[in-house]
1. Could you tell me which of Leu421, Ile294, Val358 has its Cα farthest along the dipole of the range 293-445 towards the positive end, charges placed at Cβ (Lys, Arg +1; Asp, Glu -1), taken about the Cα centre?
2. Under the Karplus relation 6.51 cos²θ - 1.76 cosθ + 1.60, θ = phi - 60°, what is the ordered set of whole-Hz ³J(HN,Hα) values for the range 537-550, x standing for Gly and Pro?
3. Would you pull out the residues with amide H under 5 Å of Ala377's amide H, same chain only if 5 or more places away, H placed 1.01 Å from N?
4. Around His260, with a cut-off of 13 angstrom between Cβ atoms, what is the net charge of the other residues, counting Lys and Arg +1 and Asp and Glu -1?
5. Mean residue ellipticity at 222 nm from the helices of the chain, using -39,500 (n - 2.57) per DSSP H segment of n ≥ 4 over the full residue count, to the nearest 500 deg cm²/dmol?
6. Which whole-Hz ³J(HN,Hα) couplings does the range 100-108 yield from phi under the Karplus relation 6.51 cos²θ - 1.76 cosθ + 1.60, θ = phi - 60°, glycine and proline marked x?
7. Where the centroid of each part is defined by its Cα atoms, how far is the range 56-117 from the range 256-319 in Å?
8. State to the nearest 20 debye the size of the charge dipole of the chain about its Cα centre, where the only charges are +1 on K and R beta carbons and -1 on D and E beta carbons.
Amino acid sequence: MQQGLLACRPSRYAPMGIAQVKTGNGTGMIGSNMQAELRAFFAVRRRAVLAVLALSSALNILLLAGSLYMMLVYDSVLPSHNVSTLLGLLVMLIVVYAFQAVIENLRSQLLEHMAIAFDAQFSRRVQQAMSALAHRGQKSAGDGLTAMRDLDQLRAFLSSSAPGTLLDAPWVVFFILVLALLHVWLAITALAGALVLLGLARLTNRLTRDGTQRVAALTAYRNASAETHLRHVDMLSAMGMRGRLLDRWQRLNNEYLAAHSQLASRINKLGGLGRVFRMLLQSLVLTVGALLVIDGKASGGMIFASSILVGRALAPIDQAIANWRTFAATRLSFERLSQLLAQVPPDDGISVALPPPVSELKLTGVAVAPPGTRQLAVQGVTFHLRAGSAVAIIGPSGAGKSSLARAIVGAWPPVAGDVRLDGATLDQWSPEELGRHFGYLPQSVELLDGTIFENIARFDAYASSEAVIAAAKAAGVHDMIVGFAEGYEARVGYEGEHLSAGQRQRIGLARALYGNPFLVVLDEPNSNLDSDGENALDCAIQQLLARNAIVVLVAHRPSALASVDHVLMLRDGRMAAFGPKNEVLEKFVSRPGKIGGNAGQAKAGEPGKVRTHG
């Protein structure tokens, strides 16, 4: 049955339709979104790109100045002993180097501006993709922030000297051609050296790719472990677990250090080999030049000029090998971001703005599974509520009550069936617009670091004081808030750590009521409340019904049932009954110790305790 329901909605579970292909490194996703978006990014900045290319061309041409100066000094100045010529050449060389410094600075500034623009354009896009995948239960391994670090890596790469190395690489051919003008054997020697260095670069790529991936994965897990330790430090301290968690983190850190050291050692050895070979190659060029001078086919100045040219020609390859870790990390970050953005295409939004819902909530054959799994938590739920109605969802632990609540507010999309407001499915609204019509208080209240005002206002920068205070008063929490030293400006701390569980729940209720939403879903809203808090909750529900809102209440305690007019009974994820409150309670709760038909009062035999598993 579950498999059949899942088959009805394959797109709900498919990882966004990304094809799997075999690559040289195993199975990978085909994702062209990043490439396409990068092309669009650089197309808009075509003039800046052309300017960088022009500056790189000018830089490499100006680099000939040192070689020409050396050749003229040895071939013209020294034989003639002409000091004026030497000073004139020196002045021209200084001017060329000054231009070179200005051009290098301009290129660096352009690349820095492009890096900032790149981050500005892609950071929100990456955040949206991360959020979408987490919403689908596909959070990345480790601490889940790998994509943001990948974006930081790409931005840092663009603003570093690495792009200059890549832009200078094609000019290797230019310098070899200049050497050929001096003598063909000089060019052949340089070309042979370039081929050796290219082979060394290819070997570096092959030997460090797996190590780079392993270090990246261990970094994510290491950071996640440290973050978990900090987030649960109170519980760990109370239960004597801090030392064990530190030991666990230390083992992971040792594994990370070993992998990092192995990768660094390999790159350093290959980089050192490249540098030594380049110096050897310059000596070989000097040797070839000396043989040509002895043979009368070259001048002394040509020997030194060719040595400088060879060093300049092969410098980009040598630098690439020495900084291969940066190139490898950037390539890996690019590949991961390509996969991420391919999985979550840009959201074009919804062109038609539906009017606010005002009349009904309807569920038809709804089946729900936690994102990223295929195990159904709820199936076959169908009911219909009109404005001004309230339903209590009851049932034993694990019956699927909270899962159904998440599906009703769109937090978990159903794998089968539909949730409709005024006849329209939830996906016909944009998430931001739909959120304005919903109020949701989850079972575990999640407040964000900020002020009480910001949390109640859902971090709306344009929220008015009147609207926030009205929501607080509706939740019966205004007096409690103004009793704080800083009132509405008091900070709640990370995940509301500065507040008690009851205070968090009441502020969460105020947040759910902010903006007068049409549909309010409350998941065990009285689990941490005292009698005053429960009275305030009851008053809030009465006010919601009075203004024709719809209330969905997940309940375990009988006091929460006083204000509802319908009850939905869940058992093992299935709908056991739905109807008027008294009818359902009388039908399913008839034995001692169960909820009776009188608004959920306990039967004799277990006074004061109510159980809803019927």
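The values are calculated or read from the model by the stated rules, or taken from the named source; none is laboratory data. Note that the structure is predicted; figures quoted are calculated from it, not measured. A quick note on method: Cβ atoms are made from the backbone with ideal geometry, for glycine too, and the neighbour counts reach across all protein chains shown. Accessible surface areas use protein heavy atoms only, side chains included; no ligands, DNA or RNA. Shrake-Rupley method; radii C 1.70, N 1.55, O 1.52, S 1.80 Å.
1. Ile294
2. 5, 4, 5, 4, 5, 4, 5, 4, 5, 5, 9, 6, 7, 10
3. The answer is Val368, Ala369.
4. Net charge in that neighbourhood comes out at +3.
5. The per-residue figure over the chain is -19500 deg cm²/dmol.
6. 4, 5, 5, 5, 4, 5, 4, 5, 4
7. Taking the Cα centre of each part, the range 56-117 and the range 256-319 sit 21 Å apart.
8. Values: 57 positive and 46 negative charges, 369 e Å.
Its charge dipole is roughly 1780 debye.
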